[in-house]
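The next block holds one structure in the form of structure tokens; read it before the comments.
The values are calculated or read from the model by the stated rules, or taken from the named source; none is laboratory data. Computed from a predicted model, the values in this text were never measured in an experiment. Don't worry about glycine lacking a Cβ; one is built from the backbone with ideal geometry, like all the others, and counts go over all protein chains shown. Accessible surface areas use protein heavy atoms only, side chains included; no ligands, DNA or RNA. Shrake-Rupley method; radii C 1.70, N 1.55, O 1.52, S 1.80 Å.
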Amino acid sequence: MIFVTGGAGYIGSHTCVELLNAGYDVTVFDNFSNSSPEALVRVQRITGRKLQIIQGDCRDRSALIAALQQSRANAVIHFAGLKAVGESVSKPLNYYDHNVVGALRLLEAMQTCHVQTIVFSSSATVYGDPVYLPITEDHPLSPTNPYGRSKWMIEEILRDAYRSDSLMRICILRYFNPVGAHDSGLIGEDPQGIPNNLMPFIAQVAVGRREHLNIWGNDYSTHDGTGVRDYIHVVDLAIGHIRALAALKNINSAQNDQSSGCMTVNLGTGQGYSVMDVLRAYEKVSGCRIPYQIAPRRSGDIAACYADPQLASQVLGWKARFDLEAMCRDSWRWQSGNPSGYQQ
Ligand code: NAD
Ligand code: WQD
């Protein structure tokens, strides 16, 4: 049984599909602060399987203990948390509370319930402004905002937990830029309010919910002046979690060493695309023109960021399969079929 915190969210719901399809039983623990229970109804429709749903908050240790005991989980995937970079600057305490305190309470509850395996959602944001590209896992960590620092702190807490208990099995996954949706068109990203991220914003322009895209700067030293990122299809990302669970299960404790029982792995494609590349690819698959304006740079943005994905291939046997066109096509199928997201 896999206990999935934040399982109703964007990445969590796609991971639940892959877990159920791979034969795992799943319990979702979510407070639905940034998601809809409808996502889980659809996960069950896609897979034809049931999952257990427990509404609760990760900062509530006793709720976590009760849920872990009820589910009889033997591993946890921890997605729950807040993720908006700008909001984290204006509400840092809220971010440390949900993210750092939430992770701490979860680890305490796992200890109480003798659950020793965890896969954690970290982010490429922990690297900050890249010193070199592509980014390997040993790149220096220098997050530039409270959200990124909360991820970095949780990573350190996990590494310390492992140092104190070498029977723990920990996989820290650093995601690059997750986009796209399940190819059923039934689940996808459903941001509340104005989207912060590029692809959901483009999707809402294409579907007519917003007039135009602001491109935050076209004077970066990139091939066309707009920012370059490593976009990764959310289904590839979800499959990365299944591979991480399998890799953790295969670690032989007799041969265990510091690196194998607690691994930190990039999940990206290794390929960078600019804002203009994404916009053109989206226009091609949707057949819609995406009006845009060039606006000043967004504070805190970097010119370019993409992963070295080799370690994921070596230790997880994982490689991204979907290209940019597939990411845009699946995003568009979700957005055009559900113009208002999960709201009917
Ligand atoms: P999301 O907001 O769609 O999902 C997070 C889920 O956690 C939501 O269902 C929300 O209701 C739930 N949640 C939030 N706080 C909670 C709490 N205290 N207790 C219980 N549930 C809580 O976000 P996502 O895009 O699916 O991201 C999942 C994880 O991946 C997050 O930890 C995020 O920081 C990380 N991540 C996301 C991205 C990205 O661009 N989407 C990139 C890198 C890392
Ligand atoms: C991508 C590119 C923008 C919106 C963020 C977080 C990171 C991670 C993923 C969680 C940049 C440009 C965007 C728009 C634009 N999240 N852009 N107009 O900034 O790489 O990463 O999400 O961990 O922590 O920082 O992604 O999608 O916001 O931006 O021109 O309306 O698109 O300037 O070049 P980012 P993004």
Within segment 99-114, considering residues that are open to solvent by 10 Å² or more (accessible area, probe 1.4 Å) and closer than 21 Å to Ser260 by Cα, the one nearest to ligand 1 (Cβ to nearest atom): Leu107
Checking Ala307, Ala326 in turn, the sole residue that is within 16 Å of ligand 1 (Cβ to nearest atom) and either more than 25 Å from Arg210 (Cα to Cα) or surrounded by 14 or more Cβ atoms within 10 Å (Cβ to Cβ) (or both) turns out to be Ala307
Residue in segment 43-63 that is within 15 Å of ligand 1 (Cβ to nearest atom), free of Cβ contacts under 8 Å to residues at least 24 places away in the same chain, within 18 Å of Gln192 (Cα to Cα) and surrounded by fewer than 22 Cβ atoms within 10 Å (Cβ to Cβ) present: no
Residues that are surrounded by 15 or more Cβ atoms within 10 Å (Cβ to Cβ) and away from ligand 1 (no atom under 12 Å from the Cβ), drawn from segment 77-95: Val89, Lys91, Pro92
Matching entry among Val228, Val234, Val207 (being within 23 Å of the chain's Cα centre (by Cα) and farther than 26 Å from Leu20 by Cβ): Val228
Go through segment 136-163 and give me each residue that's outside any loop (DSSP other than H, G, I, E, B) and within 11 Å of ligand 2 (Cβ to nearest atom). Tyr147, Gly148, Ser150, Lys151
Residues within segment 83-101 that are of a type in the set (S, T, N, Q) and within 12 Å of ligand 2 (Cβ to nearest atom), tallied: 2
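Results for (1) away from ligand 2 (no atom under 12 Å from the Cβ); (2) closer than 29 Å to Asn252 by Cα, shown as yes or no for each residue.
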residue: Ala75; (1), (2): yes, yes
residue: Phe79; (1), (2): no, yes
residue: Leu107; (1), (2): yes, yes
residue: Gln111; (1), (2): yes, yes
residue: Gln116; (1), (2): yes, yes
residue: Pro134; (1), (2): yes, no
residue: Met168; (1), (2): yes, yes
Need pairs with beta-carbon distance below 8 Å; first residue in a helix (DSSP H, G or I) and within segment 279-294, second among the charged types (D, E, K, R) and open to solvent by 20 Å² or more (accessible area, probe 1.4 Å); sequence gap 6+ or separate chains. Ala281/Glu325; Glu283/Arg289; Lys284/Glu325; Val285/Glu325; Val285/Arg329
Report every pair of residues separated by at least 6 positions or lying on different chains whose Cβ atoms are under 6 Å apart, first residue within segment 80-104 and over 18 Å from Glu156 (Cβ atoms), second open to solvent by 40 Å² or more (accessible area, probe 1.4 Å) and modelled with pLDDT under 95. Ala84/Asn196
Residue check: is Leu158 within 15 Å of ligand 1 (Cβ to nearest atom), under 28 Å from Ile242 (Cβ atoms) and out of contact with any strand residue (DSSP E or B) (no Cβ under 7 Å at 6 or more places or on another chain)? no
Which number in (1) in contact (Cβ under 8 Å) with a residue 40 or more places away in the chain; (2) touching a Pro at 6+ places or on another chain (Cβ under 8 Å); (3) open to solvent by 40 Å² or more (accessible area, probe 1.4 Å) marks the one condition that Asn177 misses? (2)
With respect to the numbered conditions (1) surrounded by 18 or more Cβ atoms within 10 Å (Cβ to Cβ); (2) over 22 Å from Ser13 (Cα atoms), which one is the sole condition not fulfilled by Leu133? (1)
Can you list the strands (runs of 3 or more DSSP E) found entirely within segment 189-268 that contain at least 1 residues being within 13 Å of ligand 2 (Cβ to nearest atom), open to solvent by 50 Å² or more (accessible area, probe 1.4 Å) and within 23 Å of Val126 (Cβ to Cβ)? 213-216
Of the residues in segment 1-27, those that are open to solvent by 10 Å² or more (accessible area, probe 1.4 Å), closer than 18 Å to Arg45 by Cβ and of a type in the set (A, V, I, L, M) come to Ala22
